[in-house]
Amino acid sequence: MRTHSIELELIANDFLDQNSGPKGAEKPNYTNRDFMNAIIIFQTALMDKLWDNQDFDKMRFDDRINMAENCGKELRNFIFTYTNLDTHNVKEFLK
C-alpha cells in the first residue's frame with residue numbers, strides 16, 4: 001500500500017507556511033467535500049496507528065474489530081458534534 005508520505009509532507013508544510021505567514025492563519029473555506037477528503041486521510045492514519053497499538057497489546061481479532069468500530073463511531077460523533085455534519089450522509093459531501 002502506498003503511504004503518500006511525500007504528498008502528506010508537502011500538504012502539511014504548505015498549511016504550516018500559510019498559517020505562519022504575515023497575515024497569520026486565514027479561514028480556508030473548505031467545501032464539505034474538501035472536509036470529507038481530510039477526514040478520509042485522517043481516518044486512514046488513525047486506523048493504521050490503532051492497528052499498531054492493537055499489535056503491541058497482542059489483541060484478539062474480535063476485540064480489534066470492536067475497538068475499530070468504536071473508534072469509528074466516536075469519530076463520527078465527534079465530527080457531528082463540532083460541525084453538524086454526518087459522515088454517513090454522503091449527499092452532504094458531494095456538493
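Taken together, the values in this text are just the output of simple stated rules run on the coordinates, not laboratory data. Predicted, not measured: the structure shown is a model, and the values here were computed from it. Methodologically, a virtual Cβ is constructed for each residue, glycine included, from the backbone with ideal geometry; neighbour enumeration extends over all protein chains shown.
On the stretch given as the range 69-87, residues that are closer than 15 Å to PHE35 by Cβ and more than 11 Å from the chain's Cα centre (by Cα) total 9.
For the range 57-69, which positions are farther than 16 Å from PHE42 by Cα and not β-branched (Val, Ile, Thr)?
Pass one, the range 57-69, residues farther than 16 Å from PHE42 by Cα: 57-67.
Listed by number, the residues that qualify are ASP57, LYS58, MET59, ARG60, PHE61, ASP62, ASP63, ARG64, ASN66, MET67.
Determine which member of the set ASP62, ASP48, ASP52 is over 18 Å from the mean Cα position of the chain (by Cα), without any contact (Cβ under 8 Å) to a residue 12 or more places away in the chain and assigned to a helix (DSSP H, G or I). Going through ASP62, ASP48, ASP52 in turn, just one is over 18 Å from the mean Cα position of the chain (by Cα), without any contact (Cβ under 8 Å) to a residue 12 or more places away in the chain and assigned to a helix (DSSP H, G or I): ASP62.
The residue that is surrounded by the fewest Cβ atoms within 10 Å (Cβ to Cβ), among those in the range 24-64 that are touching a Leu at 6+ places or on another chain (Cβ under 9 Å) and among the β-branched types (Val, Ile, Thr), is ILE41. Residues of the range 1-46 that are more than 18 Å from ARG76 (Cα to Cα) and among the acidic types (Asp, Glu): GLU7, GLU9, ASP14, ASP17, GLU26. Out of everything in the range 1-23 that is exposed (fewer than 10 other Cβ atoms within 10 Å of the Cβ) and not hydroxyl-bearing (Ser, Thr, Tyr), what residue ends up being farthest from ASP86 (Cα to Cα)? Among residues in the range 1-23 that are exposed (fewer than 10 other Cβ atoms within 10 Å of the Cβ) and not hydroxyl-bearing (Ser, Thr, Tyr), the one farthest from ASP86 (Cα to Cα) is PRO22.
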